[in-house]
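Chemist: Sharing a structure below in structure tokens format, with a few things to ask.
Derivation of every value follows stated rules applied to the coordinates shown; laboratory data play no part. Nothing here was measured: the structure is a model prediction, and the numbers come from that model. All Cβ positions, even for glycine, are placed from backbone atoms using ideal geometry, and neighbour counts span all protein chains on display.
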Amino acid sequence: SPFPIYLSGDVQRGFGRGGKDLGCPTANLPDESLPPMSTVTQTGVYFGYAQVPDAAEGDNGVLPMVMSLGYNPFYGNKQLTAEIHIMHEFKSDFYGRGMKAVVLGYIRPELDYVSREGLIEDIETDKRVALKSLARPGYEQYQADSHFTTLD
Ligand code: ADP
Ligand code: MG
């Protein structure tokens, strides 16, 4: 298995569509943080844990996440992008802050949607799958992984 895969980088600004159109903001990782993902070739949705130390609110801030890995057609020539939705309600955004993640498994391939509702429904399913998986004994340990910053 290629997992766990460790990622870290400063959150980049995108087109601002995730949060507004889909009710699901995704924090974009910078290109230079992506080489560890080259051990997996599949685009699609992954799950794991993520932490934004500067945005942690009174706890250690290592939270369940789903990550979309894909090719942004805007960049034309096969530019792989990774966007992470953290399953937590943050009080404000955290552009420019450092984000760390451990990717633990693959959920599904990238799909084409005929409707926005279809996509939103699948994102909800992805979140449930991620939470179910992370609750299993083999995954729990990664919430305390030394990759993450120890706070408090
Ligand atoms: P963009 O296209 O700039 O990535 P999004 O609509 O996808 O815009 O929103 C992403 C931004 O929202 C993140 O960069 C982060 O600053 C903020 N944000 C707030 N809550 C979350 C969350 N739970 N998960 C990911 N990003 C979040
Ligand atoms: Mg985004």
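Chemist: With Kirkwood's inverse mean 1/r over C-alpha pairs for Rh, give me the Rg to Rh ratio of region 5-143, two decimals please. Don't skip to the end; give the middle numbers.
Modeler: Values: Rg = 14.3 Å, Rh = 15.3 Å.
My calculation puts Rg/Rh at 0.93.
Chemist: So if I take the centroid of the Cα atoms in region 94-115 and the same for region 12-44, what is the distance between those two points in Å?
Modeler: If we compute the Cα centre of each part, the gap is 6 Å.
Chemist: Next question. Taking the Cα centre of the chain as origin, sum charge times position over the Cβ atoms of Lys and Arg (+1) and Asp and Glu (-1), and report the length of that vector in debye to the nearest 20.
Modeler: Numbers: 13 positive and 20 negative charges, 42 e Å.
Rounded to the nearest 20 debye, it is 200 debye.
Chemist: Moving on to the next point. Using label points projected 7 Å from each Cα along Cα→Cβ, tell me how many nm separate residue 146 and residue 132, to one decimal.
Modeler: 3.4 nm
Chemist: Give me the net charge of residue 130's neighbourhood, meaning all other residues with Cβ under 12 Å from the Cβ of residue 130; Lys, Arg count +1, Asp, Glu -1.
Modeler: Surrounding charge for residue 130 is +3.
Chemist: Further question on the same structure: List the trypsin sites (Lys or Arg not before Pro) within region 50-152 that fall in a DSSP loop (any state other than H, G, I, E or B) and whose Cβ has at most 16 other Cβ atoms within 10 Å.
Modeler: Taking region 50-152 and a limit of 16 other Cβ atoms within 10 Å, the loop trypsin sites (Lys or Arg not before Pro) found are 78, 91, 97.
Chemist: Determine which residues of region 22-40 fall in the zone a paramagnetic label at residue 108 would reach in this model, i.e. backbone nitrogen under 17 Å from the point 7 Å along Cα→Cβ.
Modeler: Counting only backbone N, you get 22-24.
Chemist: For the chain, modelled as a GNM with alpha-carbon contacts under 10 angstrom, which of 141, 51, 42 fluctuates the most?
Modeler: 141
Chemist: With unit charges on the beta carbons (Lys and Arg positive, Asp and Glu negative) and the dipole taken about the Cα centre of region 5-143, which residue among 30, 68, 42 sits farthest to the positive side?
Modeler: 42
Chemist: I'd like the orientation of helix 116-134 relative to the chain: the angle between its Cα long axis and the longest Cα principal axis, in ° from 0 to 90, rounded to 10.
Modeler: Tilt of helix 116-134: around 30 degrees.
Chemist: Mind telling me which of 18, 118, 98 comes out most flexible in a GNM of the chain, alpha-carbon contacts under 10 Å?
Modeler: The residue with the greatest mean-square fluctuation here is 118.
Chemist: If I model a spin label as a point 7 Å beyond the Cα along the Cα-Cβ vector, how far apart are those points for residue 119 and residue 93 in nm?
Modeler: It is 1.7 nm.
Chemist: For the chain, what is the relative contact order in percent, using Cα pairs closer than 8 Å and at least 6 residues apart in sequence? Show your work: numbers first, answer last.
Modeler: Details: 269 pairs, mean separation 47.1, N = 152.
About 31 percent, as a whole number.
Chemist: Which of 38, 115, 68 moves the most in a Gaussian network model of the chain with Cα springs under 10 Å?
Modeler: Maximum among the listed residues: 115.
Chemist: Once the dipole of the chain is set up with Lys and Arg at +1 and Asp and Glu at -1 on Cβ about the Cα centre, which of 147, 51, 15 lies farthest towards its positive end?
Modeler: Checked the options; the winner is 15.
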